[in-house]
Amino acid sequence: MIEMKNVCAGYGNEEVLHNINLSIEPGKVTVLVGPNGCGKSTLLKSIIRLNPHTSGTIAVDGDLIEKLDSSALAQRISYLPQGKKVPDITVRRMVLHGRFTYLKYPRHYRKQDYEMAQKAMEWVGIEELAEKNVSQLSGGTQQKVYIAMALAQDTPVILMDEPTAYLDIGHQMKLMETAKALAAKGKAVVMVLHDLTQAFRFADRIVVMSEGEIVAQGMPEEVYQSAVIDTTFRVCVERMFTESGWQYFYKSE
């Protein structure tokens, strides 16, 4: 459980987040949506101290994040950022980096580390690429490698900033299904998404942000029934019921 209470954060003298109050619960997929520049990425970075908050409190299972050392925080929360450097190493070695926080220096991987890395690669379908060089893969495949690294960290909370970037629609759907499966195992999964239709279809909880504030949050049905999507994005989301459940789509005015 992550609790954010009256959190403000920003860069230098510019405040980006204003009085954020948010609970991130285990066993649920929470999706952050909002226009570009509204503070979604800043919110994730504040949780892991990449961008320290200037006021308010952020706690993980009751412990303030500033009271936890880097290793302890990394064992509770894994984070997949937007922009990532591409190292000149194999896929397996890259995924194994997700296990660093559990190892003491000098790092020697254990049997359970290799097993967790293998499981993570299988989750995202890249196990056959284990010995390939990451730098030689396509952008979409590199994204899957980073997702696998985050999953290999095996934390109770997983933060992913635009994880569907570079993925084709088939792999986007598979990633969302993986997120649901991880939540079913009791993990708290938080994702920043730009595709509102995927957010409504897969999220257990949607958080709508605008200009550094949370303007709405709740179950997809609650957010859908409100007018917040129309006013925040200036688009209309409609839905129709099918054999596989509600399907959402954009409707032009």
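The values are calculated or read from the model by the stated rules, or taken from the named source; none is laboratory data. Fair warning: this is a prediction, and the values are worked out from it, not measured in the lab. Using ideal geometry, Cβ is built from the backbone for each residue, glycine included, and neighbour counts are taken over all protein chains shown. Only protein heavy atoms, including side chains, enter the accessible area calculation; ligands, DNA and RNA are left aside. Shrake-Rupley method; radii C 1.70, N 1.55, O 1.52, S 1.80 Å.
Here is the figure for the stretch 54-75: residues that are of a type in the set (Lys, Arg) and farther than 25 Å from Gly98 by Cβ total 0.
Taking every residue in the stretch 201-219 that is more than 23 Å from Gln247 (Cβ to Cβ) and pairing it with any residue that is open to solvent by less than 70 Å² (accessible area, probe 1.4 Å) and part of a helix (DSSP H, G or I), at least 6 positions away or on another chain, the pairs with Cβ-Cβ distances below 7 Å are Met209/Lys40; Ser210/Thr232; Val215/Val228; Val215/Thr232. Among the residues of the stretch 112-158, those that are of a type in the set (Gly, Ala, Ser), open to solvent by less than 20 Å² (accessible area, probe 1.4 Å) and part of a helix (DSSP H, G or I) comprise Ala117, Ala120, Gly140, Ala148, Ala150, Ala152. Restricting attention to the stretch 227-242 and to residues that are more than 18 Å from Leu32 (Cβ to Cβ) and part of a strand (DSSP E or B), the residue that is most open to solvent (accessible area, probe 1.4 Å) turns out to be Phe241.
Screening Met209 on (1) open to solvent by less than 50 Å² (accessible area, probe 1.4 Å); (2) at pLDDT 90 or above; (3) not in a strand (DSSP E or B) shows it passes everything except condition (3). The set of residues in the stretch 61-71 that are of a type in the set (A, V, I, L, M, F, W, C) and either more than 19 Å from the chain's Cα centre (by Cα) or loosely packed, with under 12 Cβ neighbours inside 10 Å (or both) comprises Leu64, Leu68. In the stretch 48-77, the residues that are farther than 22 Å from Gly212 by Cβ form Cβ pairs under 6 Å with partners that are part of a helix (DSSP H, G or I) and modelled with pLDDT under 95, at six or more places apart or across chains, as follows: Ser71/Thr101; Ala74/Thr101; Gln75/Thr101. The set of residues in the stretch 75-111 being within 20 Å of the chain's Cα centre (by Cα), assigned to a loop (DSSP other than H, G, I, E, B) and of a type in the set (A, V, I, L, M, F, W, C) consists of Val86 alone. Taking the stretch 179-201 as the range and being closer than 19 Å to Trp123 by Cβ and open to solvent by 20 Å² or more (accessible area, probe 1.4 Å) as the test, the residues that pass are Lys180, Ala181, Ala184, Lys185, Gly186, Lys187.
Screening Ala72 against (1) within 22 Å of Met191 (Cβ to Cβ); (2) among the hydrophobic types (A, V, I, L, M, F, W, C); (3) part of a helix (DSSP H, G or I) leaves a single unmet condition, (1). Put simply, of Ala216, Ala199 the only residue that is part of a helix (DSSP H, G or I) and either over 21 Å from Ala165 (Cβ atoms) or within 20 Å of the chain's Cα centre (by Cα) (or both) is Ala199.
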